[in-house]
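Written below as structure tokens is the structure these notes are about.
The values are calculated or read from the model by the stated rules, or taken from the named source; none is laboratory data. Fair warning: this is a prediction, and the values are worked out from it, not measured in the lab. Every residue, glycine among them, receives a Cβ derived from its backbone with ideal geometry; neighbour counts consider all protein chains shown. The area values use the complete protein model at the heavy-atom level, side chains included, leaving out ligands, DNA and RNA. Shrake-Rupley method; radii C 1.70, N 1.55, O 1.52, S 1.80 Å.
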Amino acid sequence: QHLQMVRMRALENGRYIMRGTNTGLTALVDPAGAIISQAPQFEQATLRGEVRQVEGTTPFGIWGSWPVLVLCAGCLVISLRRKRSVNQS
């Protein structure tokens, strides 16, 4: 589950992520969220891979979750206004 979260963060931010653990899944994830290389679980190993420098940022990196929160708040306001206008009729 943690590796899946790391893959999502790599995709959101458009960056390589190197995840290292003592007993879990150690992996190298590319900016598209794909696992480039992965070490065996519960074994001592050295993970090697190649990463490239990435420039720029993604829309999520700039705005975060704010557009979704604003959209939800707008839907809530519209819903409450419609409910209020139906009750007054």
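For residues in the stretch 17-67 being in a loop (DSSP other than H, G, I, E, B) and of a type in the set (D, E, K, R), which is modelled with the highest pLDDT?
Checking each candidate, the answer is D30.
Quick check: is even one residue across the stretch 45-64 in contact with a Leu (Cβ under 6 Å, 6 or more places away or on another chain) and either surrounded by fewer than 15 Cβ atoms within 10 Å (Cβ to Cβ) or polar (S, T, N, Q) (or both)?
Yes, some residue in the stretch 45-64 is in contact with a Leu (Cβ under 6 Å, 6 or more places away or on another chain) and either surrounded by fewer than 15 Cβ atoms within 10 Å (Cβ to Cβ) or polar (S, T, N, Q) (or both).
Every residue in the stretch 1-16 that is open to solvent by less than 100 Å² (accessible area, probe 1.4 Å) and part of a loop (DSSP other than H, G, I, E, B), please.
G14, R15, Y16
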